[in-house]
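What follows is a short report on a single structure.
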Number of protein chains: 2
Amino acid sequence: MNNFTFYSPTEFVFGRSTESLVGELCLKHGASRVMIIYGGGSVVRSGLLDRVKSALTAAGIAFTEMGGVQPNPIDTKVREGLEIAREFKPDFLLPVGGGSVIDTAKAMAVGYYYDGDFWDLYEVVDGKKKATGTRALPLGVVLTIPAAGSEGSGNSVITNTTTKVKVGIRYPMILRPKFAVMNPELTMTLPEWQTASGVSDMMAHILERYLSNTPDVQIGDRLAEGMLLAIMENAEKLIADPQNYEARANIMWSATIAHNDTCSIGRVEDWNSHAMEHEISAEYDVTHGAGLAVIFPAFLQYGAKHNPHKIAQLGHRVLGVANSGDEAADAMAGALALKTWFHDKLHMPVTFAQLGIENPNLELLNERLHKLKGDVLKGYMDLDAAATMEIYKLAL
Amino acid sequence: MNNFTFYSPTEFVFGRSTESLVGELCLKHGASRVMIIYGGGSVVRSGLLDRVKSALTAAGIAFTEMGGVQPNPIDTKVREGLEIAREFKPDFLLPVGGGSVIDTAKAMAVGYYYDGDFWDLYEVVDGKKKATGTRALPLGVVLTIPAAGSEGSGNSVITNTTTKVKVGIRYPMILRPKFAVMNPELTMTLPEWQTASGVSDMMAHILERYLSNTPDVQIGDRLAEGMLLAIMENAEKLIADPQNYEARANIMWSATIAHNDTCSIGRVEDWNSHAMEHEISAEYDVTHGAGLAVIFPAFLQYGAKHNPHKIAQLGHRVLGVANSGDEAADAMAGALALKTWFHDKLHMPVTFAQLGIENPNLELLNERLHKLKGDVLKGYMDLDAAATMEIYKLAL
């Protein structure tokens, strides 16, 4: 086990009607001028935005707002938000929505104190970020979509609309939300597609931590396996009955701890599937979780041939694969079991064609991937351009 | 799943040599005058105390100290500490040790701002605490014994030497440590007895959360089961080889998350085994974890007859009990499997006699228990005086 720091300071307030507490939570965490950030019309239509504003007003908190954040959040929206913020001078940001809204708010939070264009903090030049953020506006979250886990992480992913580069930043010490209000009732109306995409995203967040060559990380492995078992059980319940509050609650909390480092403990992680997917959603604007359902089984199939150990363990402990004594065969069976589960139980696409991309430009994706990440993607397996191309092709 | 708040703000800094960071961690968390609190001679003999002092000096931090905290920490030591603190006026407390040292520091932290004797905050009168704390000195921890989980909790348990009442307080919002330095190397010299007692304590912390009648808490159940599997695997490694760093590391982290509410999520917990053990260790001054190894299997045996559901699930998923279709029988098999494991693998006592108490005064223990906790202990099972007496007798 490697040395590590675990720091998850967010106050998670979870359960029915908890959004009514947002005013007092803002006060408790020192807010007096709040900028609300949200996405499309659903938070407006559902009345959630009005309830949040009422709670702020009741707490005597001044606020402004910006709506219109899109899925796969973009640089131009961050700049629009920063312009409003520099005018209004908030002391606290309050994203109301899912990962795209939260990630936009985080980009603003750290960009607010940066002299220059915020994109410098995201841009990679010669394998390094062009600039580093040292300070951020504090933020709280009202979560409406369980998927990205951004409510508990210090991460943010933004797409540059000019260069089509989709890339993340990670500041666990300054970008973790102060609080996150999480009411599973707010997720009851999510369509199946969005529910399932969220499930595939949170499972990927766990697997990218699980797939590690660091030895003797049993506590992290067992936590990860437990999360995956709970997620799969409850995801199947939700596909059958989207109105199942208990299943919504289990899924919502799972998404958070899938990404707050609960199962990262002391290991080298592998985020290469995420990087490979980012190229797909940046180019074709597909839903991130759906892209992961396509890439992840392909990644595991490749892994079954080149580094089967953890994939076989996953098969045995989570995916119902009997231990045959042949690690590579069991790993392949595990990879295919996950692919089948994504397709049959979660109704997710598992190929480019099912994702709606009939003729993907794999050369372009692969070229951009290695331009961003270097010649060899290090991780559970070292992937050169030939390897990542093989994985992309396994997803055809 | 019930509504809940999850708040674990402690910055955990884990791994080899991490105690060298204690000076900068104190500075980062706002300390300028620190009171060090520690126990017996081992932190002195090992040189740890000197290393901590050097780190504070290097960071320019003034400090005073109090040693001599005993296992099963007592009220008189808290008062001694408060006297020193009121003279020195620290702005930060730094316990260096295990649960007893940390719990003593927490009692001082909240007692420091209370006008009156700190015991008022612990004492139960008519089923309620005599007084409530609202503010506490911040504290950081250098942990040397993985067991109590106090480094990540807002709890403290103290024994009153006059009345022999052993009782806890719980202030998750003000008593959780700001940071916890956790170096598994510091635990390598723990004798088998202390290692095993710690393992039994952390397993009890998980099981008291796991044993719940709240339905649909799959994510918490799976996390708890995963922790237990990892703990049992690594505990067996440590009994065989106390110098196994990797096993020490897995056990150390498990003890922390066993008690920071990771697996409490949205459920009613059951702390009656802990309460029953507190009467034993308050009267006979036995090691808390060893007392739990005696009480817990007895509690589960009683439970197998009166509410088998979760105990059978534990048997199936953690203790290697095959599903026979007979829930009560499987629960009893699980209870006995845990008892056998405690005895055979962990070398723990599982009866009063093995604990060194040949003729326990069960009437006295039971009378004190119900005087403190009321006629019926509510929880996974409702336990009146006849029920708790039956459990005490099962431990003979």
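The values are calculated or read from the model by the stated rules, or taken from the named source; none is laboratory data. This is a predicted model, so every value here is computed, not measured. Glycine also receives a Cβ, built like all others from the backbone with ideal geometry; neighbour counts cover every protein chain displayed.
Kindly indicate whether any position in segment A:312-329 is among the hydrophobic types (A, V, I, L, M, F, W, C) and touching a Pro at 6+ places or on another chain (Cβ under 8 Å).
yes
For segment A:82-107, give me each residue that is assigned to a helix (DSSP H, G or I), closer than 23 Å to A:Ser54 by Cβ and of a type outside the set (A, V, I, L, M).
Result: A:Phe88, single match.
State whether one or more residues within segment B:11-24 are within 14 Å of another protein chain (Cβ to nearest Cβ), within 30 Å of A:Asn234 (Cβ to Cβ), touching a Gly at 6+ places or on another chain (Cβ under 6 Å) and not in a helix (DSSP H, G or I).
no
Condition test on B:Ala329, is it under 19 Å from B:Asn272 (Cα atoms) and either buried (at least 18 other Cβ atoms within 10 Å of the Cβ) or not hydroxyl-bearing (Ser, Thr, Tyr) (or both)?
When the stated conditions are applied, B:Ala329 does not pass them.
Filter segment A:316-334 down to the residues that are in a loop (DSSP other than H, G, I, E, B) and touching an Asp or Glu at 6+ places or on another chain (Cβ under 7 Å) and list them by number.
A:Val318, A:Val321, A:Asn323, A:Ser324
Which residue, of B:Phe14, B:Phe63, B:Phe4, is in contact with a helix residue (DSSP H, G or I) (Cβ under 8 Å, 6 or more places away or on another chain) and closer than 30 Å to A:Trp253 by Cβ?
None of the others qualify; the one that does is B:Phe14.
Just for segment A:39-53: of the residues that are free of Cβ contacts under 8 Å to residues at least 12 places away in the same chain and in a helix (DSSP H, G or I), which one is farthest from A:Ser20 (Cα to Cα)?
If we take residues in segment A:39-53 being free of Cβ contacts under 8 Å to residues at least 12 places away in the same chain and in a helix (DSSP H, G or I), then A:Arg45 is farthest from A:Ser20 (Cα to Cα).
Just to be sure I understand the filter: pairs with C-beta atoms under 9 Å, separated by 6 or more residues or on different chains, first member in segment A:69-83 and at positive phi, second member in a helix (DSSP H, G or I). Which pairs pass?
A:Asn72/A:Ser100; A:Asn72/A:Ser281; A:Asn72/A:Ala282; A:Asn72/A:His288
The rows are residues; the columns are (1) within 21 Å of the chain's Cα centre (by Cα); (2) surrounded by 21 or more Cβ atoms within 10 Å (Cβ to Cβ); (3) assigned by TED's automatic domain parsing to the domain that holds B:Tyr284.
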| residue | (1), (2), (3) |
| --- | --- |
| B:Thr5 | yes, no, no |
| B:Met35 | no, yes, no |
| B:Leu56 | no, no, no |
| B:Arg79 | no, no, no |
| B:Asp91 | no, no, no |
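Looking at A:Glu83, A:Glu11, A:Glu24 in this structure, which one is surrounded by fewer than 16 Cβ atoms within 10 Å (Cβ to Cβ) and within 25 Å of B:Pro177 (Cα to Cα)?
Answer to the selection: A:Glu24.
Here is a list of conditions, (1) assigned by TED's automatic domain parsing to the domain that holds B:Glu277; (2) at pLDDT below 95; (3) β-branched (Val, Ile, Thr), and B:Val167 meets all of them except one; can you say which number that is?
All conditions are met except number (1).
Listed residues B:Gly97, B:Gly149; which is touching a Phe, Trp or Tyr at 6+ places or on another chain (Cβ under 6 Å) and under 22 Å from B:His278 (Cα atoms)?
Sole residue among the options that is touching a Phe, Trp or Tyr at 6+ places or on another chain (Cβ under 6 Å) and under 22 Å from B:His278 (Cα atoms): B:Gly97.
Yes or no: segment B:292-301 includes at least one residue that is of a type in the set (Gly, Ala, Ser) and over 16 Å from B:Leu396 (Cβ atoms).
no
Tell me whether segment A:58-71 contains one or more residues that are at pLDDT 95 or above, touching a strand residue (DSSP E or B) at 6+ places or on another chain (Cβ under 7 Å) and either within 14 Å of chain B (Cβ to nearest Cβ) or in a helix (DSSP H, G or I) (or both).
No: zero hits.
Pull up segment B:290-317, narrow it to residues that are out of contact with any Gly (no Cβ under 8 Å at 6 or more places or on another chain) and among the β-branched types (Val, Ile, Thr), then point me to the one that is nearest to B:Phe342 (Cα to Cα).
Result: B:Val294.
Any chance segment A:122-144 includes a residue that's of a type in the set (D, E, K, R) and part of a helix (DSSP H, G or I)?
no
Going by the structure shown, is A:Val318 of a type in the set (Val, Ile, Thr), touching a Lys or Arg at 6+ places or on another chain (Cβ under 9 Å) and more than 17 Å from A:Met381 (Cα to Cα)?
Against the criterion (of a type in the set (Val, Ile, Thr), touching a Lys or Arg at 6+ places or on another chain (Cβ under 9 Å) and more than 17 Å from A:Met381 (Cα to Cα)), A:Val318 does not qualify.
So that you can scan it fast, the table gives a plain yes or no per residue for (1) buried (at least 24 other Cβ atoms within 10 Å of the Cβ); (2) within 18 Å of A:Met232 (Cα to Cα); (3) in contact with a Pro (Cβ under 6 Å, 6 or more places away or on another chain); (4) not assigned by TED's automatic domain parsing to the domain that holds A:Gly374:
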position	(1), (2), (3), (4)
A:Lys129	no, no, no, yes
A:Pro146	yes, yes, no, yes
A:Gly152	yes, no, no, yes
A:Thr163	no, no, no, yes
A:Lys178	no, no, yes, yes
A:Asp201	yes, yes, no, no
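Select the helices (runs of 4 or more DSSP H) contained entirely in segment A:204-294, then report the ones holding at least 2 residues which are within 8 Å of chain B (Cβ to nearest Cβ) and buried (at least 24 other Cβ atoms within 10 Å of the Cβ).
The helices (runs of 4 or more DSSP H) meeting that bar are A:218-240, A:245-257.
In segment B:295-309, what count of residues is obtained for those that are of a type in the set (S, T, N, Q) and either without any contact (Cβ under 8 Å) to a residue 24 or more places away in the chain or outside any helix (DSSP H, G or I) (or both)?
Adding up the residues that qualify gives 1.
Please verify whether segment A:124-138 includes one or more residues that are at negative phi and of a type in the set (Asp, Glu).
Looking through segment A:124-138, none of the residues is at negative phi and of a type in the set (Asp, Glu).
So which of B:Glu358, B:Glu363 is surrounded by fewer than 18 Cβ atoms within 10 Å (Cβ to Cβ), acidic (Asp, Glu) and either outside any helix (DSSP H, G or I) or at pLDDT below 95 (or both)?
B:Glu358
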